[in-house]
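One structure is given here, and the rest of the page talks about it.
The values are calculated or read from the model by the stated rules, or taken from the named source; none is laboratory data. Quick caveat, the model's predicted, so the values are computed rather than measured. Here Cβ is always computed from backbone atoms with ideal geometry, including for glycine, and neighbour counts include all displayed protein chains. Please note that ligands, DNA and RNA were not included when accessible areas were found on the heavy atoms of the full protein model with its side chains. Shrake-Rupley method; radii C 1.70, N 1.55, O 1.52, S 1.80 Å.
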Amino acid sequence: MNANVKPPLRRESMRIAGRLVQTDDQIEVRNPYDDSVVGLVPAARPEHVREAFAKARAFKPTLTRYERQQILQKTAEMLRDRREVFAALITAESGLCWKDSLYEASRAYDVWSLSAQLTIKDDGEIYSCDISPNGKARKIYTTRLPLLGVISAITPFNHPLNMVSHKLAPAIATNNRVVLKPTELTPLTALALADVLYEAGLPPEMLSVVTGNPSTMGDAMITDPDADLVTFTGSVRVGKHIANTAGYKRVVLELGGNDPLIVMEDADLDKAAELAVTGATKNSGQRCTAVKRILVVESVADAFSRLVVEKAKRLKCGDPSDPETDVGTVIDARSATLFETRVNDAVGLGAEILHGAPRRGALFAPTVVDRVPYDCELVHEETFGPVIPIVRCPDDIAEVIRVSNSTAYGLSSGVCTNRLDYVSRFVAELEVGTVNVWEVPGYRIEMSPFGGIKDSGLGDKEGVVEAMKGFTNVRTWSMPWH
Ligand code: NAD
């Protein structure tokens, strides 16, 4: 497919247990680059959400492990075969550049295929009981069962396919029913994914997709009596609202990040600068694990920042549908304006812009800012765009760790050093969910445990293995055994 061919306007319906449902009110989905309307989706009312949960609850999934494996693997293969169709949709509704959208589409293969492979594995455990003076000739067994109720899944805009996949694939692998509310900003990809799942053989009652304004139907997703568990990926603000509103329900929260890339004095600076620029700008800097602060020790900061500028200058920022573009738009002009304000405020506090370009609507070019005070808004809050802020730290690992831990977030981190003593201190003392040595904070495989602490999450992990555990109840049972 030619990336420059725009997909036609999509007039979408919700999928409630597979049935196409329209509403009088609709939401426009806009292309952030040219502000054109690329789709119309229904604005659900709370009663649509209720209907979706009730239908899901009334259905009892009976898929065998083999049947689930087949559906998941077929989905993976269809996504692989339709990679360009999905990429075009992602670029149109999110403004992510064609390269990023192709990557987004190809990543989903792993999520679905790994879920397929894991669904056939029984992870039950056996405990022999004759192991202490009080022991008995018995065995205790564990087996994992799907939730009794329905999973409520709420997803953000920044990975329109993968954030949804990371909720749906483990849910289906464990024979659960889901009601999904994708973000109103990028719902088209999620609806297209639902159709792939139905085509792959998923019983439609196991998945509903409802679209709408969170102000009218958001709470219905959190409080529905048939929802057993709310799994949410998005901002800290909404995550805390969900925690306060959900009451006696399980809640999985994957929230914002403010991830550092730490560069110590022994680092290969060229390699570190490459990680800094890639980590801060891929996906237009809109990854929860994007490099949002570069903490570099003073003794190598001048040389390092020169290399960062050199590499940032090579990036082409512009029309997201141009296959040559490296950085497309951010999600909307309002966000781009906020980043511009934060950069200017940092400059007012002594920071220096070394590279950048004037903002045009939602197009915010990679912007290298040096000498950023560690506690200014640009780096203290999550700046969800392609800013490359360099924070200079004293040549003292204790100070570097203190600055790194000084924000409310605790998602991931990247560390550039070869010294094992430094590595062991970072692993022990950084207040984060992940420490990647010589990698960007976002490095992961789709089945490794992933998630943050502090304001970035409650410590529950995603990644296919952990999500499958989180979406099940452990049944323990025992019987006499000699
Ligand atoms: P957001 O919190 O604004 O929206 C996320 C979802 O919540 C959307 O579907 C939105 O419609 C919905 N929502 C908003 N208000 C709601 C309410 N009152 N009730 C119910 N649902 C409501 O987040 P966003 O701007 O779409 O995404 C960006 C954020 O997501 C960033 O902070 C980013 O770091 C975070 N994120 C985290 C991870 C992770 O794994 N930790 C991954 C990706 C993104």
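Structural remarks
- For the pair SER424 and ALA58, label points projected 7 Å from Cα toward Cβ lie 6.2 nm apart.
- Of all accessible heavy-atom area on the chain, the percent that carbon and sulfur account for (1.4 Å): 53
- Ranked packing of 276-283, 28-35, most packed first, by mean Cβ within 10 Å: 276-283, 28-35
- Checked against a 25 Å cut-off, the cross-linked pairs LYS60/LYS240; LYS74/LYS316; LYS74/LYS167; LYS271/LYS316; LYS167/LYS271; LYS311/LYS461 give Cα-Cα distances beyond that limit for LYS60/LYS240; LYS74/LYS316; LYS167/LYS271; LYS311/LYS461.
- Label point distance in nm, ASP123-LEU145, each placed 7 Å from Cα along Cα→Cβ: 1.9
- Take the chain with all the other protein chains still there, run a 1.4 Å probe, and you get 40 Å² of accessible area per residue.
- As a rough guide to protection, the peptides 218-227, 333-342 ranked by mean Cβ packing within 10 Å, highest first, stand as 218-227, 333-342.
- Peptide ranges 454-463, 307-316 listed from the most packed, as the mean C-beta count within 10 angstrom indicates: 454-463, 307-316
- Positive-pole candidate from PRO32, PRO46, SER94, dipole of the stretch 32-111, charges at beta carbon: PRO46
- Per-residue SASA entry for ARG402, accessible area with 1.4 Å probe, Å² rounded to 10: 110
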